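Structure first, then comments.
The values are calculated or read from the model by the stated rules, or taken from the named source; none is laboratory data. These numbers come from a predicted model, not from an experiment. Reconstructed Cβ throughout: ideal geometry from the backbone, glycine too, with neighbour counts over all protein chains shown. Just so you know, the surface numbers come from the protein's heavy atoms only, side chains and all, with ligands and any DNA or RNA stripped out. Shrake-Rupley method; radii C 1.70, N 1.55, O 1.52, S 1.80 Å.
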Amino acid sequence: MFIVTLRLVGPADAYIDPEKFRTLLSTHFEPADQIEHLWARSQAGRIDVAVFVLADGEADALLTSRAAYQRVASHLPILTPWRLLDT
């Protein structure tokens, strides 16, 4: 298992409750994503995420985590203003 950190940025006044964010993503992940757990911390304009993912290596874990987030975000309008930073 690997832990991948992601950072999202949005408008300076944008805020999503971290529990709501975790629930939104977790309910839309697919079994093939192999994401075991998700942690999030949120403040205005920023969401920090730790994704616990089963993968063969660190690079696979990062690619899987980013792809899973982008897939889910593309279907949830509430996440439209949030941009995934390159890390």
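So here's what we get for this one:
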{"item": "Neighbour-limited loop hits for chymotrypsin sites (Phe, Trp or Tyr not before Pro), the chain (at most 16 other Cβ within 10 Å; DSSP other than H, G, I, E, B)", "result": "15"}
{"item": "Fraction of accessible area attributable to carbon and sulfur, the chain (%, probe 1.4 Å)", "result": "54"}
{"item": "Measure of compaction for region 35-87 (Cα Rg per 2.2 N^0.38 Å)", "result": "1.17"}
{"item": "Student exercise, the chain dipole from Lys, Arg, Asp, Glu Cβ charges, in Debye to nearest 20", "result": "320"}
{"item": "In order through region 41-49: 3J(HN,Hα) via Karplus (6.51 cos²θ - 1.76 cosθ + 1.60), integer Hz, x for Gly, Pro", "result": "10, 10, 8, 3, x, 7, 10, 9, 10"}
{"item": "Normalised contact order of the chain, rounded percent, pairs of Cα under 8 Å and 6 or more residues apart", "result": "42"}
{"item": "In Hz, Karplus ³J(HN,Hα) per residue of region 67-78 (6.51, -1.76, 1.60; θ = phi - 60°; x = Gly, Pro)", "result": "5, 4, 4, 4, 5, 5, 4, 5, 10, 10, x, 4"}
